[in-house]
1. Considering the dipole of the range A:176-400 built from charges on the beta carbon (Lys and Arg +1, Asp and Glu -1) around the Cα centre, which of A:T182, A:I261, A:L216 is farthest to its positive end?
2. Does anyone have the angle between helix B:30-43 and the longest principal axis of chain B? Alpha-carbon axes, 0 to 90°, nearest 10?
3. Take every DSSP beta bridge whose two residues both sit in the protein assembly as shown, then give the antiparallel share in percent to the nearest 5.
4. Suppose R0 equals 35 Å. What FRET efficiency, 1/(1 + (r/R0)^6) with r the Cβ-Cβ distance, do B:K113 and A:T246 give to the nearest 0.05?
5. Which value at 222 nm does chain B reach when only helices count, each DSSP H run of 4 or more adding -39,500 (n - 2.57), with the total divided by all residues and rounded to the nearest 500 deg cm²/dmol?
6. Could you tell me how far the Cα centroid of the range A:234-284 sits from the Cα centroid of the range A:150-183, in Å?
7. Could you tell me how many degrees, from 0 to 90 and to the nearest 10, lie between the Cα long axis of helix B:243-254 and the main elongation axis, the longest principal axis, of the Cα atoms of chain B?
8. Accessible area per residue of chain A at 1.4 Å probe, in Å²?
Amino acid sequence: MKKLRKITEQIVKLLLTVNGGVTSLAILLIIVFLFKEGLGLFKNPSVEKGYVLCVNSANNVERLSSYEIKQIFDWKTTDWNEIGGNAGTIAPFRFEEIFSLYSDEELGEDYSLLPEKLGEVIAKDINIIAYIPQEFFPQNNNAVKILTSENIRFSDFFGGTEWLPTTTPSPQFGVFPLILGTLWISLFAILIALPLGVGVAVYLSELASERVRKILKPAIELLAGIPSVVYGFFGLVVLVPLVQRTFNLPVGETAFTGSLILAIMALPTIITIAEDAMRNTPRAMREASLALGATHWQTIYKVIIPYSSSGIMAAIVLGIGRAIGETMAVLMVTGNAAVIPSSLFQPIRTIPATIAAELGEAPVGGAHYQSLFLLGSILFIITMIISISAEFISRRRQSKGI
Amino acid sequence: MKKTILTAIILTTIALGAQAQRIKGSDTMLPLSQKEAEEFMNVNPSQTVTVTGGGSGVGISALLEGTTDLAQLSRKIKFDEKQKFQSNGKSVKEVIAAYDALAIVTHPSNKVKNLTREQLEDIFTGKIKNWKEVGGDDLAIVPYARETSSGTYEFFKESVLKNKNYMTGIMSMPATGAIIQSISQTKGAIGYVGLAYLNQNVKAIHVSYDQGKTFVEPSVANAKNETYPIVRPLYYYYESASENKVKLFIDFVLSTKGQQIVSEIGFISVR
């Protein structure tokens with residue numbers, strides 16, 4: 001009998017070890033996968049894969065940056081001399097236009113004559129810049145040359161200010177506005193939620209009667225269980241018009257609206273954890289403080305809050321974590337405009353909202369897909385930095401003692 | 001007992017799966033395909049059709065991988081997608097199931113009634129910023145677009161913006177419902193939605209594609225007689241090899257009954 005128990009114990013121990021090991025390994029692998037997929041982005045050419053940009057050989061422009069290409073095909077850069085060529089109005093040509101110039105019969109069976117016709121078109125116009133599939137590039141035509149294509153650059157990704165991942169010929173992956181948007185909205189969410197949350201926690205743990213507490217605490221915890229899309233819907237229908245009217249803005253979908261919603265969503269977490277920490281203050285400490293003649297209020301802010309500061313810190317971290325990673329609600333109320341935020345009352349776009357909105361349609365393995373993974377990696381790094389620094393702060397506080 | 005039930009469920013799923021047809025793709029077409037599938041299964045109880053969304057691009061890549069039998073697309077198949085099928089030794093067939101018109105909508109209080117394509121292009125690329133520049137009140141214009149993943153986003157870009165990019169920092173909404181909601185509560189707003197989504201909370205703009213000679217109201221009738229310019233076909237794509245499998249469903253969609261459903265959903269029938 002005793003032996004059997006011993007064996008069972010051994011088995012349980014083994015199972016728990018394996019369980020722990022496998023789980024940690026799985027998490028680690030997910031992170032590795034995330035980064036591996038994401039970093040693949042920089043191996044992609046800045047012009048869409050499988051396509052090339054061609055110009056007339058007489059043109060002395062050799063290479064163009066991703067941004068310059070975009071400006072040309074948006075008709076914003078209109079003269080070659082603006083980008084280092086000879087003066088002449090740029091004529092952007094998209095591959096599809098060939099089908100309106102020639103009928104399918106003229107292009108031959110299986111488009112065998114297509115390269116030849118493309119060559120003719122490009123040779124005819126010295127100012128043309130043509131965006132065509134690589135396989136239809138007119139090989140034997142000396143009047144056509146390919147613009148040197150470079151890979152997507154690190155600086156374009158982190159320093160770029162335009163997020164237009166589906167633009168052809170050259171998608172723009174500027175994540176700077178997205179990162180700033182995410183931090184911006186989370187910062188204000190936590191600034192709103194923190195005083196409210198700690199206030200409620202103090203009230204619940206110190207001031208409220210047992211009866212009020214018994215009703216209020218579960219009610220607040222219930223708020224944490226509401227799906228975020230419900231918060232988002234509430235935000236869109238109620239908060240957005242409210243913000244718009246109160247501040248007399250042209251639009252109600254602003255960073256502020258998002259912060260408000262996030263603050264509401266982070267509140268239950270902050271309240272619950274902070275309140276637990278405060279209630280864990282030993283009875284001896286409270287009584288010692290009161291016995292020294294301190295008032296109730298003095299006890300709260302001189303003894304209880306300092307004692308529970310590491311718990312409050314944990315509450316803040318979890319609150320920020322929730323705010324930064326929140327997707328659905330933010331997607332619905334912030335307007336998702338990828339601009340660098342300059343005020344609280346303008347639309348912004350966050351990283352999680354971008355991933356959620358775009359991953360469904362991004363072709364698997366393509367540059368857009370990989371850029372979204374890289375966004376995920378960035379989000380992961382941001383949250384990691386926040387948790388590490390919060391841990392550091394709370395540990396330092398503790399060692400100082402009370 | 002539990003085991004028996006479980007086995008029974010698994011067995012039925014497998015049995016049904018054998019005759020099931022799968023449709024995948026555009027979210028715009030989702031309500032249409034679902035309704036068609038429902039009616040189709042009523043008429044042919046032996047058939048099962050499952051419909052899933054995910055986007056036009058998802059649909060066509062699923063068709064290429066063989067994880068769906070029909071792909072529903074709110075845009076024409078792209079050239080390089082077609083090339084992919086060819087290089088895999090497959091060929092696709094295309095069926096136009098219905099037409100969808102895009103309506104340009106503003107807040108109901110907006111005085112502007114007519115806009116030309118050129119004006120729309122300038123508004124959505126950020127050149128025109130105030131309603132007074134197009135004959136309205138002195139009010140900032142707030143353009144709303146769909147997310148980049150949407151076929152509607154691409155179609156609007158192609159048809160109205162002539163392939164130019166939207167202005168940087170345009171508001172982009174995850175769903176048509178959200179666009180309607182936002183526009184109905186934002187005075188200077190302008191956006192685009194499928195004709196089927198028009199309601200009293202927003203005002204539809206009359207559009208001109210001929211430099212302002214004629215302005216046409218978005219309506220089913222105008223889309224049908226081809227006077228309204230912003231109309232796109234909605235497609236089903238299938239592999240030529242599996243034609244027999246999907247033919248029954250396609251025929252049903254194109255039948256009088258099927259096209260009646262098209263009109264009920266708010267799209268324009270092909271007849």
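The values are calculated or read from the model by the stated rules, or taken from the named source; none is laboratory data. If you're wondering where the values come from, they're calculated on a predicted model, not measured in any experiment. Ideal geometry is used to build each Cβ from the backbone, glycine not excepted, and the neighbour counts take in all protein chains shown. Accessible surface areas use protein heavy atoms only, side chains included; no ligands, DNA or RNA. Shrake-Rupley method; radii C 1.70, N 1.55, O 1.52, S 1.80 Å.
1. Positive-end residue among those listed: A:L216.
2. So the helix axis and the longest Cα principal axis differ by about 40 degrees.
3. 60 percent
4. According to the calculation, E is roughly 0.70.
5. Using -39500 (n - 2.57) per qualifying helix, the result is -11000 deg cm²/dmol.
6. Each part's Cα centre sits 30 Å from the other's.
7. It works out to around 50 degrees.
8. 50 Å²
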